[in-house]
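Everything below concerns the one structure shown next.
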Amino acid sequence: MKPILLQGHERSITQIKYNREGDLLFTVAKDPTVNVWYSVNGERLGTYIGHGGAVWCVDADWDTKHVLTGSADNSCRLWDCETGKQLALLKTNSAVRTCGFDFGGNIIMLSTDKQMGYQCSVSFFDLRDPSQIDTNEPYMKIPCNDSKITSAVWGPLGECIIAGHESGELNQYSAKSGEVLVSVKEHSRQINDIQLSRDMTMFVTASKDNTAKLFDSTSLEHQKTFRTERPVNSAALSPNYDHVVLGGGQEAMDVTTTSTRIGKFEARFFHLAFEEEFGRVKGHFGPINSVAFHPDGKSYSSGGEDGYVRIHYFDPQYFEFEFEA
């Protein structure tokens, strides 16, 4: 399993994401560049230039026409995927932490940080209505006064968004009314990442409390827990096996104290049903900040604090592997 190494960022990776077909991989980092790569061979297809600060999040719509990025330069930008042209610029009062297209690709949501006296909030824009973009007025804005949103995704059918908070709380907000539909608190610390399963029936959360947890996406019922010794920065579900991959490591500021662990930051594979770890993949020179499974389940990628993205194609043994309970 020799990885393909993608070197396109000068600073640590913040998020990586495949498009729905899986032929493209989008990567963003704490530098202003947004990169897109061919996932099959790691060739860089192009960049989206325009941001003026760290880019926290990226998303592509279902037919890969548009790309959405949110940045610490207090803006969320919409790009033409093919040409790299900037189509829209949404200015915010504080850094954009999460952003995403709903399944139809018509409605976008973005959440902003609590900073400089501004509250954390979630905004919804309908791209079919140009006046919302021109006037920078979302059709709905939900304030979050308690604890800031650190990760958010669209729920099934685009009826709600599922948001993870700094406090470890999970909320489901209606995309129609903006009210909180369900609220649960299973994590004791910040939720770093939320990723849905392929069929959107469940999702996995990654938290600073050293665990990743599996939830039902409509009821937010907690189903499984995957425990590690270090903060989990990202977790992803395999589309065709009962496997979940976790990426993490210490806090970025403690990393310099561990020179003996060079290249030892592993991606860890757990069995979804039995909650047992069955494999690890070494490679990164710092904590893994984002992991993603290819939509066909035959490979996965990880992006690290070291600024590299690694695409790993699984060996044939992985597909023949039988878990012995």
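The values are calculated or read from the model by the stated rules, or taken from the named source; none is laboratory data. Note that the structure is predicted; figures quoted are calculated from it, not measured. Positions of Cβ are backbone-derived with ideal geometry, glycine not excepted, and every protein chain shown enters the neighbour counts. Ligands, DNA and RNA are stripped out before the accessible areas are found, and what is left, the full protein with its side chains, is counted by its heavy atoms. Shrake-Rupley method; radii C 1.70, N 1.55, O 1.52, S 1.80 Å.
When the stretch 13-37 is filtered for residues that are assigned to a loop (DSSP other than H, G, I, E, B) and surrounded by 18 or more Cβ atoms within 10 Å (Cβ to Cβ), the ones remaining, listed by number, are ASN19, GLY22, LYS30, ASP31, PRO32.
Are any of the residues in the stretch 123-138 among the aliphatic types (A, V, I, L, M), within 24 Å of ARG20 (Cβ to Cβ) and within 19 Å of the chain's Cα centre (by Cα)? No, that holds for no residue. The residue that is least open to solvent (accessible area, probe 1.4 Å), counting only those in the stretch 310-325 that are assigned to a loop (DSSP other than H, G, I, E, B) and modelled with pLDDT under 90, is PHE323. In the stretch 210-231, of all residues being basic (Lys, Arg) and not in a loop (DSSP other than H, G, I, E, B), the one that is most open to solvent (accessible area, probe 1.4 Å) corresponds to ARG227. Among the residues of the stretch 3-12, is there at least one that is part of a strand (DSSP E or B) and either over 19 Å from the mean Cα position of the chain (by Cα) or more than 22 Å from ALA267 (Cα to Cα) (or both)? Among the residues of the stretch 3-12, at least one is part of a strand (DSSP E or B) and either over 19 Å from the mean Cα position of the chain (by Cα) or more than 22 Å from ALA267 (Cα to Cα) (or both), which makes the answer yes.
Residue pairs whose Cβ atoms lie under 6 Å apart, sitting 6 or more positions apart in sequence or on different chains, and linking a residue in the stretch 166-180 that is farther than 24 Å from ALA206 by Cβ to a partner that is open to solvent by 40 Å² or more (accessible area, probe 1.4 Å) and of a type outside the set (Phe, Trp, Tyr), are SER174/LEU181. Being more than 19 Å from ALA72 (Cα to Cα) and at pLDDT 90 or above is not true of ASP134.
Candidates GLY307, GLY283, GLY303, GLY297: the one that is assigned to a loop (DSSP other than H, G, I, E, B), under 16 Å from LEU5 (Cβ atoms) and not β-branched (Val, Ile, Thr) is GLY307.
The single condition among (1) modelled with pLDDT of 90 or more; (2) crowded, with 18+ Cβ neighbours inside 10 Å; (3) among the hydrophobic types (A, V, I, L, M, F, W, C) that LEU89 does not meet is (2). Looking at the stretch 97-203, the strands (runs of 3 or more DSSP E) lying wholly inside it that each contain 3 or more residues that are open to solvent by 20 Å² or more (accessible area, probe 1.4 Å) sit at 140-144, 180-185, 191-196.
Taking the criterion of being out of contact with any Pro (no Cβ under 7 Å at 6 or more places or on another chain) and surrounded by 15 or more Cβ atoms within 10 Å (Cβ to Cβ), the residues of the stretch 280-297 that qualify are VAL281, HIS284, PHE285, GLY286, PRO287, ILE288, ASN289, SER290, VAL291, ALA292, HIS294.
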